[in-house]
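Encoded as structure tokens, the structure appears first; notes follow it.
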Amino acid sequence: MAGYGVSSEKMTSTRPTWAEISRSRLVHNHDVLRRLAGPETELLVVVKANAYGHGLAECARVLETNGARWFGVTSVEEGMALRRVCPEARTLIMSGVWAGEAESAIEQNLTAVVWEPQHLDWLEEAARRRGLGAGTVPVHLEIDTGMSRQGAGRRELAALVERMGPGSPLRLEAVMTHLHSPDDGQDTREQIGLFVAALAAMGERRIGWDFVSAGSSANLLLHDDTTALVGVAKQMGARRMVRAGIALYGYSPLPANAGAGWGAMGEPSPVKEPGLKPVLAWKTRVTSLREIGIGTSAGYGATFTAQRPTRLALLPVGYADGLNWRLGNRGRALIRGQRAPIAGRISMDQTVVDVTDIAGVAAGDEAVLIGEQGGEKITADDLADLQKTIAYEVLCDIGARVPRVMVE
């Protein structure tokens, strides 16, 4: 990177496109969420999907150092990747196990979410092959209270719980559910009611557990009926657990009208404003510049045509890196503290921006796709609005060939 002023500490490849992950902002967000959860609640930090595109290894190390005890991943494969950087972390496989994975899950000390009899079959068989005794393999049993995605129904619970009784190598460590509309008070109250009723029915079978798990980032940021589970859990000799994901990385999952339906007469309840800070900044550099005349087109399909003498800058980033094709002629990059419109379609590996109105742009200049520069800012929410999607997808789409670099 000679001549571009990029330190070797910040770049791990010769291609000048990278994502900076702020250690201090991640710690700040984690601290905020722990305060919102309160001392009586266990906070599970979700690092699935490569930590929502931020880099699983990098983020997990920081979170563990900052006191995180529980981590959530999607699969055994992700759990094994986490285990390589956090050997002692309690790790929840949130989408359960599949055929052939139970042995690895037990070997790596990964805790599986279960809801199908076959999950118990696979885990029991693997445990017995390893000669493990009764109650040595913890599992988290998910109850479906309306999500209709994963989780056992009320009619199926008794048979599942029966299998985790004395003599089974499986131990019921937590009972959990997933709230489908945490920004809607009425829906959440109904789901919590179904969940508590199921817990009560299970309690009659005299089988205990350590955690009652429900709620997400949205519940922590909004008036939160899941706090009632603190008392419910105490009555059962357990603790409440909440699973925090997108808010760790600086984004709220709540829609603009969040809070409707929480008040006694349906008045909106104020959303908590914890000062979350976006953790990821996505950057690249100008690699080439050219002048084109009036009527000259740029990019595939000639969807951009110059209406004036125009100066274009080439950026080495494209949809193969996760810069969505829909941002063509719509998105912006920040260069020299100003917004440079994307000119034409985004290519697989390159994007052209119009820098006619930005004085002095030169090869090597930094271009910010997500982040701050000067007094301007572009967020994943901004890109999501243009793409008609959500910030989750924008962040998770940033490709593996974009190196994640930890910065302060």
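The values are calculated or read from the model by the stated rules, or taken from the named source; none is laboratory data. Keep in mind that what you see is a predicted model, and the values were worked out from it rather than measured. With ideal geometry, Cβ positions are generated from the backbone for all residues, glycine too; neighbour counts draw on all protein chains shown.
Worth pointing out:
- Residues that are free of Cβ contacts under 8 Å to residues at least 40 places away in the same chain and surrounded by 15 or more Cβ atoms within 10 Å (Cβ to Cβ), drawn from segment 162-177: R171, L172, V175, T177
- Against the test of being among the hydrophobic types (A, V, I, L, M, F, W, C) and either over 25 Å from R35 (Cβ atoms) or assigned to a loop (DSSP other than H, G, I, E, B) (or both), the options A233, A197 yield a single qualifying residue, A197.
- Residues in segment 146-182 that are within 21 Å of V230 (Cβ to Cβ) and modelled with pLDDT under 90: P182 alone.
- Consider segment 291-339 and keep the residues that are assigned to a loop (DSSP other than H, G, I, E, B) and of a type in the set (V, I, T). The one that is surrounded by the most Cβ atoms within 10 Å (Cβ to Cβ) is V317.
- Flag for D354 being in contact with a strand residue (DSSP E or B) (Cβ under 9 Å, 6 or more places away or on another chain) and farther than 22 Å from C396 by Cα: yes
- In segment 197-229, the residue that is nearest to G72 (Cα to Cα) out of those that are surrounded by 17 or more Cβ atoms within 10 Å (Cβ to Cβ) and β-branched (V, I, T) is V212.
- Inter-residue pairs, beta-carbon under 7 Å, first surrounded by 16 or more Cβ atoms within 10 Å (Cβ to Cβ) and in segment 125-138, second assigned to a helix (DSSP H, G or I), 6+ apart: A126/A102; A126/E103; A126/I106; A127/I106; V137/I106; V137/L123; V137/A127
- Within the set G399, G371, G344, the sole residue that is assigned to a loop (DSSP other than H, G, I, E, B), more than 19 Å from A298 (Cα to Cα) and at pLDDT 95 or above turns out to be G399.
- Close pairs from segment 178-191: first farther than 22 Å from G72 by Cα and without any contact (Cβ under 8 Å) to a residue 60 or more places away in the chain, partner aromatic (F, W, Y) and surrounded by 15 or more Cβ atoms within 10 Å (Cβ to Cβ), Cβ under 6 Å, at least 6 apart: none
- Meets criteria (among the charged types (D, E, K, R) and in a loop (DSSP other than H, G, I, E, B)) for D381: no
- Scanning segment 123-145 for residues that are in contact with a helix residue (DSSP H, G or I) (Cβ under 6 Å, 6 or more places away or on another chain) and assigned to a loop (DSSP other than H, G, I, E, B) turns up just one, T145.
- Flag if P255 is at pLDDT below 95 and in contact with a Ser or Thr (Cβ under 9 Å, 6 or more places away or on another chain): no
- Pairing each residue of segment 14-32 that is in contact (Cβ under 8 Å) with a residue 24 or more places away in the chain with any residue that is among the aromatic types (F, W, Y), provided the two are 6+ apart or on different chains, yields C-beta distances under 9 Å for P16/Y4; T17/W282; W18/W282; A19/W282; E20/W282; R25/Y249; L26/Y249; N29/Y249.
- Filtered residue count, segment 164-216, keeping only those that are charged (D, E, K, R) and under 14 Å from M236 (Cβ atoms): 5
- Residue that is farthest from E162 (Cα to Cα), among those in segment 98-122 that are of a type in the set (V, I, T) and part of a strand (DSSP E or B): T111
- For segment 347-368, a residue qualifies if it is over 14 Å from L323 (Cα atoms), outside any loop (DSSP other than H, G, I, E, B) and touching a residue at least 60 places away in the same chain (Cβ under 8 Å), and exactly one does: E366.
- Filter result for the condition that a residue is surrounded by 17 or more Cβ atoms within 10 Å (Cβ to Cβ), of a type outside the set (D, E), in the same structural domain as G215 (by TED's automatic domain parsing) and more than 24 Å from the chain's Cα centre (by Cα), over W115, W122: W122
- The set of residues in segment 143-155 that are in contact (Cβ under 8 Å) with a residue 40 or more places away in the chain and of a type outside the set (A, V, I, L, M, F, W, C) comprises T145, G146, Q150, R154.
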